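Throughout, read-outs are computed from the coordinates displayed, never taken from laboratory work. None of these values were measured; they are calculated from a predicted model. We place every Cβ from the backbone using ideal geometry, glycine too, and count neighbours over all the protein chains shown.
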Amino acid sequence: MEGLDILPFIHYSLNLSTIIMTDEDKRVENLFWVRDRLEERFGPIEKDRTRSPLDTLIQTVLSQNTTDNNRDRAEKSLWQAFDSYEEIAEASKETIAEAIKTAGLQHQKAKTIKGILTGLREMGGLELDYLDDLSAIETWENLMEFDGVGKKTAAVVSLFALDKPIFPVDTHVRRVTSRLELIKSGENHHETLTELVPDKDMYQLHLHLIRHGRETCKSRTPQCRDCVLLDRCPTGQKELDND
Ligand code: SF4
């Protein structure tokens, strides 16, 4: 009978050894928890695939350092001034800048747009189909070869328009994931989130983190008391402890 008494202890010990988590396991578990809480709060999002990869690239260039509203106004006015990408490629940078001025930084953006279109024309066509056969990382790096196209713009086009899993990081994603300590000091946000977030979750989580950053985890005044992520947010817990 004494032998039988020890069995529950052995069983308990085995269970304990199987649930010890490494720091990395814990981080992934927290990331999945954040993903699920944000989905509960904001609901699922279907990917919008109505735009071509080139449309997405030009739209994302226009969106740099401005609001969605100004980006949309600039895009509309671009297509009021021109009938095709071919026409834009032929136009002077000044004419393009005038058409997109509501987006701000219009001279820099006009230079980038003209550079992209003339570059593509030299490669054989005003589209991005040549990226289809490349891996996600190759696509990302290839897009960054255009002057004025940085990590975020290239990642947005890769993920949104080409189904290549690269996690785009903007100021909101950077701030929220840093405050949640999902990114360790010295790590690159793009690379770490691309590695940790499952491909199927990237699009929705990216958009949810942006919305959460705009509405709750604001830059200067995070609303930690009302935050659905407070239970696992070290920054939020410290904020409330200091109140
Ligand atoms: S608890 Fe505060 S700091 Fe943490 S994610 Fe929420 S709003 Fe941001």
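Here each label is just a point 7 Å from Cα along the line to Cβ, and for Glu46 and Glu187 those points are 3.3 nm apart. Computed over the chain with a Gaussian network model linking Cα atoms closer than 10 Å, the most mobile of Arg35, Arg225, Arg174 is Arg225.
Cross-link partners for Lys164 among the lysines, with Cα-Cα distance under 18 Å and sequence neighbours closer than 8 places in the same chain left out: Lys47, Lys151, Lys152, Lys200. For the chain, the Kirkwood radius over C-alpha pairs fed into Stokes-Einstein at 37 °C and 0.692 mPa s yields D = 160 µm² per second. Applying a DSSP loop filter and a limit of 16 other Cβ atoms within 10 Å to the GluC sites (Glu not before Pro) in segment 24-122 leaves Glu46.
Under the 0.36 nm per residue contour assumption, what length would be gained going from the current alpha-carbon distance of Thr118 and Ser92 to full extension?
Once the chain is fully extended between Thr118 and Ser92, it gains 8.2 nm.
Partner lysines whose Cα lies under 18 Å from the Cα of Lys114, excluding those fewer than 8 positions away in the same chain, are identified as Lys76, Lys93, Lys101. Membrane-span-like helices in the chain (whole DSSP H runs, Cα extent of at least 18 Å along the helix axis, mean Kyte-Doolittle hydropathy of at least -0.5): 7-19. Each Lys and Arg contributes +1 and each Asp and Glu -1, all at the Cβ; summed about the Cα centre of the chain, the dipole is approximately 1080 debye.
Per residue of the chain, the DSSP helices (runs of n ≥ 4 H) give a summed -39500 (n - 2.57) that works out to -18000 deg cm²/dmol at 222 nm.
Computed from the C-alpha gyration tensor, the three semi-axes of the ellipsoid equivalent to segment 53-162 are 22, 16, 11 Å, from longest to shortest. Taking Cα centre as origin and charging only the Cβ of basic (Lys, Arg, +1) and acidic (Asp, Glu, -1) residues, the dipole magnitude of segment 53-162 rounds to 640 debye. Per-residue extension of 0.36 nm, minus the Cα-Cα distance of His107 and Leu126, leaves a gain of 4.7 nm for this segment.
Tally Lys/Arg at +1 and Asp/Glu at -1 over every other residue whose Cβ is under 12 Å from the Cβ of Lys111; what's the total?
Net local charge, Lys111 excluded: +1.
Taken as Cα centroids, segment 145-197 and segment 18-65 sit 10 Å apart, rounded to the nearest whole angstrom.
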